[in-house]
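What follows is a short report on a single structure.
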Amino acid sequence: MIPTKKISHMLIEYADPLIEELPDGYSKNELESILKLCAGIWNACVLDQWHKTTKNVDAVRHHIAQTDPMTIAIIEALIARKKALFGLDPRAITNECVVIKNGEFIVRAEARLDVEHMDIVGGVH
């Protein structure tokens, strides 16, 4: 079954541990950077789910292998978080952005789904 919660809300929930670490008064760019990182990791997990592979998550791991241990730990935690808490959501996230409306940050995002990998009852096969 395809989740009905807005993908922008899912992205905020997924990224929440990193958002909580931002300093008070963080900027739109700081929030947007975290959301883009989280959407990228989310999408690597989703693409692997769609195509029954690990090549996308493996590529992320390979890309960050030369970075500092803290970055590696954050990426691994995001991969584990997607699988454990959001694993049933087969949607990819695109066009994520932050806009300011009435002095508040509003997160926008679009959901994408690979319908070729959907079964008749709406699940991913």
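What follows is calculated from the coordinates using simple rules that are stated; it is not laboratory data. Just so you know, these numbers come straight off a predicted model, no measurement behind them. Every residue, glycine as well, gets a Cβ built from its backbone with ideal geometry; the counts of neighbours run over all protein chains shown.
Side notes on the structure shown:
- Taking other Cβ atoms within 10 Å as a rough exposure proxy, Y26, Y14 sort from fewest to most as Y26, Y14.
- The loop-placed GluC sites (Glu not before Pro) in the range 13-73, going by DSSP, that have at most 16 neighbouring Cβ atoms within 10 Å of their Cβ come out as E20, E21.
- Whole-number percent relative contact order across the chain, with pairs defined as alpha carbons under 8 Å at least 6 apart: 32 percent
- Cα pair distances of the chain binned at 5 Å [whole percent]: 2, 10, 20, 22, 20, 13, 8, 4, 1, 0
- Taking the number of Cβ atoms within 10 Å of each Cβ as an exposure proxy, the fewest-first ranking of C38, C97 is C97, C38.
- Helical runs (DSSP H, four residues minimum) scored at -39500 (n - 2.57) apiece and divided by the length of the chain put the mean residue ellipticity at 222 nm at -17000 deg cm²/dmol.
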